[in-house]
Amino acid sequence: MRFYIFIIAVSFFITKNLIAQENWKDSLALITIENMDWSLFRISSDYNLDSNTIKPAKYIILVKNELPKIVFDSLSYHYWLAAINDKPRSFVTNLILYAYFEKNARLYLNFEIERWQGSLKALEINYWINYLKNVCQIKDE
């Protein structure tokens, strides 16, 4: 009897975790360019006395929308690839990736959406595709 209860409990736990892992995609899909609340912040340079190194200042994007715990693995790679290439979602996805990975966002000083829709979009999409291949551990085919 205990064995059956154990099997049921484990099955429930696994199912619950699989559903939770997929819910982050639904949460991100609700964030649009109209309701996205983001800011650009400058992080000051940092000097480490022990190693005698200077970490230069950088700009980061802070997304004020509530973001779920995001998954980056080989299964989610195709989601991110589709999201960054999807015309209505590409800018929002780009900002979420900037915020999550704390990539230097100096390009977004004096930001204008027209600049994103022009030359910057192709550059950013190409960057994220290559970066996500490494993060999600995708081997070149």
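All of the numbers you see were taken from the coordinates with simple rules; none came from a lab. In this text the structure is predicted, and so the values were computed from the model without any measurement. For neighbour counting, all protein chains shown are included, and Cβ atoms are generated from backbone atoms with ideal geometry for every residue, glycine included.
The HN-Hα couplings worked out from phi for the range 84-90 by the Karplus form 6.51 cos²θ - 1.76 cosθ + 1.60 (θ = phi - 60°) are 6, 9, 7, 3, x, 9, 5 Hz, whole numbers, x standing for Gly and Pro. Taking the fewest neighbouring Cβ atoms within 10 Å as the starting point, the ordered list for 51, 90 is 51, 90.
A DSSP coil position with no more than 16 other Cβ atoms inside 10 Å describes the following GluC sites (Glu not before Pro) in the range 53-121: 66, 102, 112. Each Lys or Arg adds one and each Asp or Glu subtracts one; over the other residues with Cβ under 14 Å from the Cβ of residue 125, this totals +3. For 109, 67, the sequence from fewest to most other C-beta atoms within 10 Å is 109, 67. For the range 38-141, the set of trypsin sites (Lys or Arg not before Pro) satisfying both a DSSP loop assignment and a count of at most 12 other C-beta atoms within 10 Å is given as 64, 69, 139. The calculated FRET efficiency for the pair residue 70 and residue 122, based on their C-beta separation and a Förster distance of 22 Å, comes to about 0.40.
With K and R counted +1 and D and E -1, the other residues having a Cβ less than 15 Å from that of residue 37 yield a net charge of -1.
The mean sequence distance of close C-alpha pairs (under 8 Å, at least 6 residues apart), as a share of the length of the range 59-141, puts its relative contact order at 46 percent. What is the Cα centroid distance between the range 32-63 and the range 68-141, reported in whole angstrom? About 18 Å separates the Cα centre of the range 32-63 from the one of the range 68-141. Scalar couplings 3J(HN,Hα) for the range 51-57, obtained by applying the Karplus form with A = 6.51, B = -1.76, C = 1.60 to θ = phi - 60°, are 9, 6, 10, 10, 9, x, 5 Hz; x denotes Gly and Pro.
Note on the range 17-141: lysine pairs with Cα distance below 21 Å, sequence gap of 8 or more or different chains, count 15.
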